[in-house]
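Take a look at the structure below.
Every number in this text was worked out from the coordinates using simple rules, so none of it is lab data. If you're wondering where the values come from, they're calculated on a predicted model, not measured in any experiment. Neighbour counts run over all protein chains shown; Cβ positions are idealised from the backbone, glycine included.
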Amino acid sequence: MRGEVQPQRWFFVCYDQLHHDAFPWAVVDRSSVGLIFIESLQKGRRRKYHKQKLALLLSNMRHFAIEAEALGHPVMYEKSSKGYREVLERLSKEVGAISMVVPAEREMRHELEPLVEAETLLFEPHAGWLTERSWFVETVGTTPPFRMDRFYQRVRKETGVLMLEGKPLGGKYSFDSENRMAWKGDPVPQVDPVFDVDSIDQEVNDFVMKTFPTNPGECDLSKVPTTRQQHLVALQWAKENMPHFGPYEDAMSEKSRTLFHSKLATSINLHRLSPREVITEMMATDSPLNSLEGFYRQMIWREYVHHVHEVTDGFRTLESYNHQTDQPNHLNQHNPLPDAYWGAKSGFNCLDSVVESVMDDGWTHHIPRLMILSNFASLLDINPRELTTWFHEAFIDAYDWVVEPNVLGMGTFAMGDVMMTKPYVSGTPYINKMSDFCSSCSLHPKKTCTVSNLYWAYLERHKSSFTGNMRMAMPLRSLAKRSEEKKVEDSMIYASTIEALRAGQKVTIQ
Ligand SMILES: Cc1cc2nc3c(=O)[nH]c(=O)nc-3n(C[C@H](O)[C@H](O)[C@H](O)COP(=O)(O)OP(=O)(O)OC[C@H]3O[C@@H](n4cnc5c(N)ncnc54)[C@H](O)[C@@H]3O)c2cc1C
Ligand code: SF4
C-alpha cells in the first residue's frame with residue numbers, strides 16, 4: 001500500500017477485532033481508513049499454544065485482511081519476529097499516530113501502554129460489548145463479592161430481551177433448573193460442520209506445523225471457520241442446535257462432544273461474529289424458553305466476566321491476589337499439573353476422554369471444563385495459576401480477560417468467594433448422572449471409582465477455609481458424619497493418586 005494515496009487514518013486491528021461492521025473502520029468510504037495487521041512471532045511464542053489455536057487466529061486474520069481489502073480498505077500486513085509495540089512504533093514513523101480499538105486482553109493493553117502514553121497510539125472505545133459498565137457498577141459494584149444475578153436482571157430490563165411489558169417471559173429470570181437433563185442418545189445431535197480448506201488455510205497450516213512443531217495438538221482448519229462466510233455457516237449450524245440447547249446444557253457424552261452447544265465462542269471472541277448479531281439470530285429461532293433464556297444468560301456471563309476483569313485489572317487490584325507469586329491461591333494448592341492434562345492416560349475415563357477432546361479440538365463445552373477439568377484439578381490440589389495457563393494454551397477460545405475469571409474465579413476457588421459462593425467440586429455420583437463416561441471406564445462408579453474419595457479428602461483438607469460458609473454447611477455436616485477409618489482411606493487414596501499421576505502413570509485400585 002505504501003506509495004499509493006494515503007488514507008486519512010490507519011487503524012491497528014487486533015487479532016480479536018475481526019469484524020467489518022462493528023468497529024470504527026465501518027465507514028462509507030472504506031478507502032479513507034487503512035488497516036494494519038501484525039503477526040507477531042513473539043506473541044505466538046509467549047505460551048505453548050495448541051497448534052489449532054495458532055492456526056485459527058492466523059488464518060482468520062489473513063482472511064479478514066483480504067476481505068477488508070476487497071471492501072476497499074488500504075491494508076498493511078506485517079509479519080515480524082518482534083512484539084506489537086516495536087512494529088507499531090516503526091510504522092508510526094511512516095504514517096503518523098495510529099488508532100486502535102481498546103484491546104480486550106490485558107496483556108495487549110499493557111504491552112501497548114507506552115505508545116498510548118506517547119500518543120503514538122490512540123485508543124478508541126470498544127463497541128463490541130453488549131452491556132454498559134454503569135449497569136455492572138450500579139448492580140454489582142466495583143469491589144467483591146461479585147454476583148451475577150442483579151446484573152443479569154438489569155441487562156434484561158435495559159435490553160428488553162425475553163421481556164414482556166417489563167416482566168421476564170415465563171414469569172422468572174432464570175430457567176437454570178430446566179437446563180440439567182442427562183442425555184441418553186435422543187435427540188440425535190447434528191454432525192459437527194466441516195469447512196472447506198483453501199490455499200490460505202493450507203499455507204497457515206504448513207507455517208504452524210513448521211514453526212511450532214513441539215506445541216501441543218495438531219491443526220485441522222476443516223474443523224473451524226476462517227472466512228466470514230464460514231462463520232455465518234457456523235452461526236446457522238448453532239441456530240439448528242438451539243431447540244435442544246437448554247434441556248441438555250449440562251449433559252456430557254463420549255458419543256457427542258458438542259451435544260447441542262453452539263461452539264460460537266471461537267467466532268465471537270475473535271469478533272468474526274459480533275455478540276449482537278449472534279443474539280439477534282439465536283433469539284429469533286423457534287426454541288423453547290429454557291433454551292433461549294439459557295443461551296442469553298451464557299452470553300451475559302461473557303459480559304459479566306469481562307466487567308469483572310476490567311474493574312479489577314484482571315483481579316490484580318484485589319487483596320486476595322498475590323503479586324509476588326502472580327498466584328491467587330485461596331486454598332494454598334501447590335501440586336503441579338500432571339501430564340494427564342496433556343494426554344497421558346490417568347485411568348479416570350471422564351478425565352481422559354475430556355482431555356482427549358481438548359487435545360483433538362482445543363475445545364470442550366462448559367460442563368467438562370467446570371465439572372471435569374477444573375473439578376479434578378481442585379480435588380488434586382493443582383496450582384490454580386498452572387491450571388489457568390494450561391486452559392489459556394490448550395483452548396482455542398481462551399484469552400486472558402475470559403480465561404482468568406473463569407478458571408481462577410469460577411472453576412477453582414483460587415479467588416475465594418470473590419465470584420462464587422462455594423467451590424464447584426463433586427464426586428462420582430454427579431459425573432455418573434450427567435454423563436456416559438462411567439459406562440466405558442475401567443473403574444466402576446459404585447464399586448471401585450475413587451473420585452468421591454478424592455472429594456471427601458478435599459473437604460477434609462480444606463474444611464477450615466469453609467467454616468462459616470453457609471453454602472458449604474451441608475457438605476461439611478456430611479463430612480463430620482464420615483468415619484475416621486473412611487477419612488484415612490480418603491487421604492491415602494488422594495496421596496497415591498497424586499503419586500501415580502506425578503509419575504505419569506494410570507491410577508490403579510489395590
Ligand atoms: C474453567 C473454565 C474455563 C473457561 N474458559 C473459557 C475461555 O477461555 N474462553 C471462553 O470464551 N469461555 C470460557 N469458558 C466459558 C465457557 O465454557 C465457554 O465459553 C463455552 O464452553 C464455549 O463453548 P460454546 O461456544 O459452545 O458455548 P455455549 O454453551 O453455546 O454458550 C454460548 C456462549 O456463551 C458464552 N459463554 C458461556 N459461558 C461463558 C462463561 N462462563 N464465560 C464467558 N463466556 C461464556 C460464550 O461466548 C458461548 O459461545 C470457560 C469456562 C470454564 C468453567
Ligand atoms: S467411574 Fe469414576 S473415574 Fe470412571 S468415568 Fe465414572 S466418575 Fe470418572
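Does anyone have the angle between helix 51-71 and the longest principal axis of the chain? Alpha-carbon axes, 0 to 90°, nearest 10?
In the chain, helix 51-71 runs at an angle near 30 degrees to the longest axis.
Can you give me the Kirkwood hydrodynamic radius for segment 1-148, using every pair of distinct Cα atoms, in Å to one decimal?
16.7 Å
In terms of the Cα gyration tensor, with a ≥ b ≥ c the square roots of its eigenvalues, is segment 208-286 rounded because a/c is under 1.5, prolate because a/b exceeds b/c, or oblate?
oblate
Could you order the peptides 498-507, 333-342 from most to least packed, using the average number of other C-beta atoms within 10 Å per residue?
333-342, 498-507
Which value, in Å to one decimal place, does the Kirkwood hydrodynamic radius take for segment 293-374 when every pair of different Cα atoms is included?
Result for segment 293-374, one decimal place: 15.4 Å.
Relative contact order (percent) for the chain, with alpha-carbon contacts under 8 angstrom and 6 or more residues of separation?
Relative CO of the chain lands at 16 percent.
For the chain, take the longest principal axis of its alpha carbons; what is the angle in degrees between that and the long axis of helix 84-95, to the nearest 10 within 0 to 90?
Tilt relative to the chain: about 10 degrees.
Kindly provide the trypsin sites (Lys or Arg not before Pro) of segment 10-80 that DSSP labels as loop, not H, G, I, E or B, and whose Cβ sees at most 14 other Cβ atoms within 10 Å.
Arg45, Arg46
Among the lysines, which have Cα under 17 Å from the Cα of Lys446 when same-chain residues fewer than 8 positions away are ignored?
Hits, sequence-local ones excluded: Lys433, Lys486.
By average Cβ neighbour count within 10 Å, what is the ranking of 113-126, 85-98 from highest down?
Descending mean neighbour count gives 85-98, 113-126.
For segment 184-328, evaluate the Debye formula with one uniform point scatterer on each Cα (no solvent term) and list log10 I(q)/I(0) at q = 0.13 Å⁻¹, rounded to two decimals.
-0.78
Which of the peptides 365-378, 179-192 is most tightly packed, and how do the rest follow, judged by the mean count of other Cβ atoms within 10 Å per residue?
365-378, 179-192
Relative contact order for segment 9-124: what is it in percent, counting Cα pairs under 8 Å that are at least 6 residues apart?
In percent, rounded to a whole number, it is 32.
Under the Kirkwood approximation applied to all pairs of distinct alpha-carbon atoms, what is the hydrodynamic radius of the chain in Å?
Across the chain, the inverse of the average 1/r is 24.3 Å.
Which listed residue (Ile36, Phe123, Met61) has the Cα farthest towards the positive end of the charge dipole for segment 9-124, taking +1 on Lys and Arg C-beta and -1 on Asp and Glu C-beta about the Cα centre?
Met61
Computed over the Cα atoms, what is the radius of gyration of segment 339-502 divided by 2.2 N^0.38 Å, N being its residue count?
1.01
Report for the chain the percent antiparallel among DSSP-assigned beta bridges with both residues inside it, nearest 5.
Bridges in the chain that DSSP calls antiparallel: roughly 10 percent.
Give me Rg over Rh for segment 438-510, both radii from the alpha carbons and Rh done the Kirkwood way, two decimal places.
Looking at segment 438-510, the ratio lands at 1.02.
Measure up Lys43/Lys263; Lys239/Lys422; Lys263/Lys506; Lys43/Lys239; Lys43/Lys79; Lys43/Lys210 against 23 Å on the Cα-Cα distance and list the ones that go over.
Pairs exceeding the cut-off: Lys43/Lys263; Lys239/Lys422; Lys263/Lys506; Lys43/Lys239.
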